[in-house]
Amino acid sequence: MENNSKKTALHEKDGIPQPESISKTALDKVVRSRKTQPSAATLISGILSGDISALSRAITLVESTNLDHLMKANEIIAACLPHANQSLRIGITGVPGVGKSTFIEAFGKHLTAMGKKVAVLAVDPSSTISHGSILGDKTRMEELVKDKNAYIRPSASGETLGGVARKTRETIILCEAAGFDTIVIETVGVGQSETAVHSMVDFFLLLKISGAGDELQGIKRGIMEMADAIVINKADGDNVAKAKLAKTEFNRALHLFPAKTSGWIPKVTTCSAYEKTGIDAIWDLISEYSSLVKSNGYFGEKRQEQNQYWMMETINEQLKNHFYHHPEIIALLEQKKKAVQNDELSPFAAAMDLLGQYFK
């Protein structure tokens, strides 16, 4: 039977098939490269020459919990340490929704336009249920990620209290050795992350928004005492007047706190990361702070105190890990947990029993 159906104007003529969008040869080369584990010496050489691929692979080793990787990572960090400590470390925090990623992109682009090399270490929260993390900061900073003078490294917070990645401190050293002169650390913005970040940066910047009940929440002693500057973000459109009012309120609040040992008087300013206004004033403020603390010796003293702090934190972390991986503790732990759950033993007595067994 003859087919009388007519072809419509939307019919597409058969033509030459499209070639594969990805070259199989190139793909195989990438796969082989990733499977090959470069030596510590190769990674060290790559980092010191500014190779981003080598830097990324070294950071992955630093973040790994594999004991073999740990030894290799320690060798890399030791070799990079003499080439580090030449950057300005800036911590940025604020509640979720304050616009941290948008601000960092605008701020980072401003710095790279000045010829600076910027590394952004963004700590992403991990789920307590699935233990996964989105790591979407590169997606949010789509302009900065394409900048040849910028490097963005998102890391999962994991089980670290407060949401600061366990190896962020070591990652800073590697980035500095790779030639980055400005290190920006973005925190999750919740819990105790601010305290941890404050202990590894030179300048601590607190981002705020106005008109959301945020002014009163901001006048809290802990976070306000740590901040070297408060920036009211989203000062654009109808929000300009509210941002100016918030600036006045925060300025008043800052006068209630004692003077900082650095000799610096914290400043409050406004900006719009979306419209990229007020960003240059923030960098001028940070530069003014840096000049002051370097001239009065506070900069070096703070770095020395931070090094001691992280030595003690590492000891605490290693003791904790060793405790929970001790064969006898592993065998006793579940037994003690059940006794505590059934009210047969107090939590404190159970803890003392376990510690006594560990130190025996």
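The values are calculated or read from the model by the stated rules, or taken from the named source; none is laboratory data. For clarity, every value in this text was computed on a predicted model and none was experimentally measured. FYI the Cβ positions are ideal-geometry reconstructions off the backbone, even for glycines, and counts take in every protein chain you see.
On the basis of being modelled with pLDDT under 90, of a type outside the set (A, V, I, L, M, F, W, C) and either within 22 Å of THR195 (Cα to Cα) or in contact with a Lys or Arg (Cβ under 7 Å, 6 or more places away or on another chain) (or both), does GLU225 make the cut? Yes: the conditions hold for GLU225.
Please determine, by comparing only the residues of the range 230-249 that are more than 14 Å from GLY278 (Cβ to Cβ) and of a type in the set (D, E, K, R), which one is surrounded by the fewest Cβ atoms within 10 Å (Cβ to Cβ). If we take residues in the range 230-249 being more than 14 Å from GLY278 (Cβ to Cβ) and of a type in the set (D, E, K, R), then ASP238 is surrounded by the fewest Cβ atoms within 10 Å (Cβ to Cβ). Residue pairs whose Cβ atoms lie under 6 Å apart, sitting 6 or more positions apart in sequence or on different chains, and linking a residue in the range 249-278 that is free of Cβ contacts under 8 Å to residues at least 60 places away in the same chain and farther than 24 Å from ALA106 by Cα to a partner that is not polar (S, T, N, Q) and not in a strand (DSSP E or B), are GLU249/GLU215; ALA253/ILE219; LEU254/PRO266; PHE257/GLU225; SER262/VAL293; SER262/TYR298; TRP264/TYR289; TRP264/LEU292. Can you pull out the residues in the range 75-108 that are free of Cβ contacts under 8 Å to residues at least 40 places away in the same chain and not aliphatic (A, V, I, L, M)? Correct list: GLU75, PRO82.
If the condition is being hydroxyl-bearing (Ser, Thr, Tyr) and surrounded by 20 or more Cβ atoms within 10 Å (Cβ to Cβ), then the range 88-123 contributes THR93, SER101. LYS336 - would you say it is of a type in the set (Lys, Arg), modelled with pLDDT under 95, in a helix (DSSP H, G or I) and touching a Leu at 6+ places or on another chain (Cβ under 7 Å)? Yes: the conditions hold for LYS336.
The residues in the range 141-173 that are modelled with pLDDT under 85 and in a helix (DSSP H, G or I) can be counted, and the count is 3.
One line per residue, one yes/no per condition, for (1) assigned by TED's automatic domain parsing to the domain that holds ALA246; (2) among the β-branched types (Val, Ile, Thr):
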position	(1), (2)
ILE265	yes, yes
GLY278	yes, no
SER290	yes, no
LEU319	no, no
ALA331	no, no
PHE348	no, no
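The residues of the range 257-296 that are surrounded by fewer than 18 Cβ atoms within 10 Å (Cβ to Cβ), of a type in the set (A, V, I, L, M, F, W, C) and over 15 Å from ILE230 (Cα atoms), listed by number, are ALA259, LEU292.
Could you tell me whether the range 174-193 includes any residue that is modelled with pLDDT under 85, under 12 Å from ILE104 (Cβ atoms) and surrounded by fewer than 20 Cβ atoms within 10 Å (Cβ to Cβ)?
There is no residue in the range 174-193 that is modelled with pLDDT under 85, under 12 Å from ILE104 (Cβ atoms) and surrounded by fewer than 20 Cβ atoms within 10 Å (Cβ to Cβ).
Residues that are under 24 Å from the mean Cα position of the chain (by Cα), assigned to a loop (DSSP other than H, G, I, E, B) and among the hydrophobic types (A, V, I, L, M, F, W, C) within the range 260-276 comprise CYS271, ALA273, listed in sequence order.
Matching residues to (1) within 25 Å of ALA196 (Cβ to Cβ); (2) touching a Phe, Trp or Tyr at 6+ places or on another chain (Cβ under 8 Å):
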| residue | (1), (2) |
| --- | --- |
| THR277 | no, no |
| ILE286 | yes, yes |
| SER295 | no, no |
| GLN318 | yes, no |
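Restricting attention to the range 278-329, the residues that are modelled with pLDDT under 95 and hydroxyl-bearing (Ser, Thr, Tyr) add up to 3. For the subset of the range 52-74 comprising residues that are in contact (Cβ under 8 Å) with a residue 12 or more places away in the chain and of a type in the set (D, E, K, R), which member is nearest to ALA119 (Cα to Cα)? Among them, the one singled out is ARG57.
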